[in-house]
Amino acid sequence: MSAEAERKTQNLPEWKREEVDEIVGILEGYESVGVVNIAGIPSRQLQDMRRDLHGTAELRVSRNTLLERALDEVGDGLDELVDHVEGQVGLIGTNSNPFTLYQELEASKTPAPIGAGEVAPNDIVVPEGDTGVDPGPFVGELQSVGASARIQDGSIQVTEDSTVLSAGEEVSQDLSNVLSELGIEPKEVGLDLRAVVSEGVLFDPEDLDIDVEAYRSDVQTAAARARNLSINAEYATPATAPTLIAKATGEAKSLGIQASIESPDLADDLVTKADAQVRALAAQIDDEEALPEELQDVEAPAAAAETADEESTDDQDDEADETDADDAAEEDDDDDDGDDGAAEGLGNMFG
């Protein structure tokens, strides 16, 4: 506490001194302290708000001079709130962070009627539709405040959405009466946060007014992109190591199968690959009598057929090898015993 603040406090009457001490106790008991505007809030609603805040925040209303002295006495950055203590205000303390406090106060606001002489917080619109009011002088009152209205189907109808007052303009008595009759409550009643200090840092409402869902989505998107970048760059972290290991395992297995490397882990896949290749080759032979019984009437698997076609194309590039293969096939056709042996061998291997 500064020497000046201490001097001012010493000159206070006893009851004011006690009041300041109570406020100081509240301020020192919370991690975040803010100034809220309470102007225009009826006493009953203010008490309801105070009750709703119980357990999460504490609202203290007192004379502005006593609030200022309590803020000066505590210090720790709270003295910066003194500039916001003006008009009808109160101090609010909470252990929540400033963003949570702001969101809670905004969510607690409720619609309320607006009286004559008040300033419209936003454009006031009388919506299109049936007012539910029987034909009478009220149609003239609607028209006098700028609403498009007429009598239709036994009641007063507003024929189109009508802006009867722009934001920042003063509400007339006639408009207040019309809005009250229609049950339109164009303003929100609640605690408006003017500023809050947390851990010595001052936050204005503009700093706290964020779209939480959009912010969460942005963080999630950034995290996903960072993870993808880490994986593509093969940069191992606790979060990406399992994926990198799985990726490397898959690539190693694919390489082993393509290179026909004998391994207990690849045996099943190599047999499956060989079976598909044999079936693809068998499907290319027009003379079924030349094939073992087990390979007659088989269809080439799609993937294996493509592989066989690619291998066939590669073989056609080498005419000498192709000629040798044709000669070998002719010799096999003349050898009935060889056919029987091949059929038995293929049958045992591939079923």
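Quick note: the coordinates plus some simple rules give every number you see, no bench work behind them. Note that the structure is predicted; figures quoted are calculated from it, not measured. With ideal geometry, Cβ positions are generated from the backbone for all residues, glycine too; neighbour counts draw on all protein chains shown.
Compute the whole-percent fraction of alpha carbon pairs in the stretch 28-94 spaced more than 21 Å apart.
Distances greater than 21 Å cover 22 percent of the Cα pairs.
Which order do the peptides 205-218, 51-64, 70-83, 179-192 take when ranked by the mean count of other beta-carbon atoms within 10 Å per residue, highest first?
70-83, 179-192, 51-64, 205-218
Sorted from fewest to most neighbouring beta carbons within 10 Å, what does the list T131, T110 look like?
Ascending Cβ contact count within 10 Å gives the list T110, T131.
Per residue of the stretch 153-165, what does 6.51 cos²θ - 1.76 cosθ + 1.60 with θ = phi - 60° give for ³J(HN,Hα)? Whole Hz please, x for Gly and Pro, Karplus curve as stated.
Listing the rounded values in order: 6, x, 8, 8, 10, 8, 7, 7, 4, 10, 7, 9, 7 Hz.
Find the Rg to Rh ratio for the stretch 165-224, where Rh is the Kirkwood radius over alpha-carbon pairs and Rg uses the same atoms.
Rg divided by Rh gives 1.22.
From the P(r) of the stretch 1-124, can you give the percent of Cα pairs sitting at distances over 18 Å?
57 percent
Let's test the formula: R0 of 35 Å, r as the Cβ-Cβ distance of E80 and N228. What FRET efficiency results, to the nearest 0.05?
0.20
Would you work out the Kirkwood radius for the stretch 104-172? I mean one over the mean of 1/r across all pairs of different Cα atoms, in Å.
13.4 Å
Could you go through the stretch 43-57 in sequence order and give the Karplus-derived ³J(HN,Hα) for each residue, using 6.51 cos²θ - 1.76 cosθ + 1.60 with θ = phi - 60°, rounded to whole Hz, and x for Gly and Pro?
4, 5, 5, 5, 5, 4, 5, 4, 5, 5, 7, 4, x, 10, 7
Can you tell me the convex hull volume per residue for the stretch 80-239, based on C-alpha atoms, in Å³ to the nearest whole number?
Roughly 196 Å³ of hull volume per residue.
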